[in-house]
1. Any idea what Rg and Dmax come out to for segment 60-140 if you just take the C-alpha atoms, in Å?
2. Only four residue types carry charge here, +1 at the Cβ of Lys and Arg and -1 at the Cβ of Asp and Glu. Report the dipole size of segment 1-86 about the Cα centre in Debye, rounded to the nearest 20.
3. Take peptides 150-160, 14-24 and line them up by average Cβ neighbours within 10 Å, highest first, as a rough protection proxy.
4. Whole-Hz ³J(HN,Hα) for each residue in segment 2-10, computed from phi via Karplus 6.51 cos²θ - 1.76 cosθ + 1.60 with θ = phi - 60°, x for glycine and proline: what do you get?
5. Working only with C-alpha atoms, what are the Rg and Dmax values of the chain, expressed in angstrom?
6. Could you check the simple spin-label distance between Phe99 and Glu282, using points 7 Å along Cα→Cβ, in nm with one decimal?
7. Express in nm, to one decimal, how much length is gained between Ser170 and Gln66 on full extension, taking 0.36 nm for each residue of separation and deducting their alpha carbon distance.
8. Exceeding 32 Å between C-alpha atoms, which entries from my cross-link table qualify? They are Lys110/Lys150; Lys220/Lys265; Lys49/Lys256; Lys98/Lys274.
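The values are calculated or read from the model by the stated rules, or taken from the named source; none is laboratory data. Bear in mind the structure is a predicted one, so any value in this text is a computation, not a measurement. Quick reminder, even Gly has a Cβ in these numbers, built from the backbone with ideal geometry, and neighbours come from all protein chains shown. Heads up: the accessible areas ignore ligands, DNA and RNA and are worked out on the full protein's heavy atoms, side chains in. Shrake-Rupley method; radii C 1.70, N 1.55, O 1.52, S 1.80 Å.
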Amino acid sequence: MRVVSKIGVIGAGQMGRGIAQVASQSGFETHLFDSSSESLERGAAFIKKQLARGVSKGKWTEEASQKAQESLQLETSLEGLSDCDLVIEAATERKDVKFKIFQECDRIIKEGALLASNTSSISITEIASQTKRPSKVAGMHFMNPVPVMKLVEGIKGLETSNETFDSVASVAKAMGKIFVKANDVPGFAVNRILMPMINEAVYALYEGVASVEDIDSAMKLGTNQPMGPLELADFIGLDTCLAIMGVLHEGLGDTKYRPCPLLKKYVLAGRFGKKSGRGFYEY
Ligand code: CAA
């Protein structure tokens, strides 16, 4: 197995900042990169706030928070990640964006290092084929909020070696996560099941089955989910939900995965959910 002590994280958004926080708290030297310095600063400020909150709630000590902050370095260029043993990409859920990042990583990140994608639905086999090291590429799909959710869904692409897969599984474990293996098929396991449920909730709203609040209350109280499906969609991001439904629809070719027109309309209107201030709810 490859020994991983330095981790690079690409993207300081909702997922990337969570991964960087957990990596730095788990004793890894962590390098967080974002092509936008504004996003990088916002991500770093969020991590600092979360670490301080944890101290005030008695979840960890001030020393542990300090140590995590010292382990975290912000990078304004991808070159800053070149010496990392493992780079986890958590950029926008778009094929063109991810493909470009993996091509650049393959050129810049040291030979032999592992590359992982936090993609929620794009084929790991296809992402890996953008590089000359497909055996060293795997999927590490974290859940939001990363510091709270226990799961990392591990995805083995066609060329991913057992050594790479075991190494990323052991990193996930060192981060206190439970690693569950899923095959490289559209949506993997979580989103193959979660997204059609969310999409169906949007259809229910679209067809007037019940109001936003009632759909969420019914699912929360009737099926013991911590959030209703529409609130969860806002939390994940409606643009992300639509992108994942698009991958399921195209990749599996079944009309049951057709994205609801209302979901498309909200995204076209810029209602991306919590992150944009408005989705099914206002924030
Ligand atoms: N970052 C870090 N910690 C957070 C957080 C965040 N963004 N949001 C909440 N927390 C922590 C809180 O600090 C709190 O910790 P303590 O219990 O130790 O004090 C704990 O989570 C619970 O938070 P709250 O009491 O404020 O609120 P809650 O009880 O309503 O829980 C929740 C919030 C954990 C988000 C809960 O509603 C939940 O589990 N929701 C479902 C989340 C989910 O399904 N995520 C997966 C989405 S799918 C995905 O991510 C993958 C994909 O590809 C789309």
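1. Just the Cα atoms of segment 60-140 yield Rg and Dmax of 14.2, 43 Å.
2. With only Lys, Arg, Asp and Glu charged at Cβ, the dipole is about 500 debye.
3. Going from most to least packed, we get 14-24, 150-160.
4. Once rounded to whole Hz, the list reads 7, 7, 10, 10, 10, 10, x, 10, 9.
5. Using the Cα atoms of the chain, the pair Rg, Dmax is 18.8, 55 Å.
6. My value for the distance between the label points is 4.1 nm.
7. 35.0 nm
8. Lys49/Lys256
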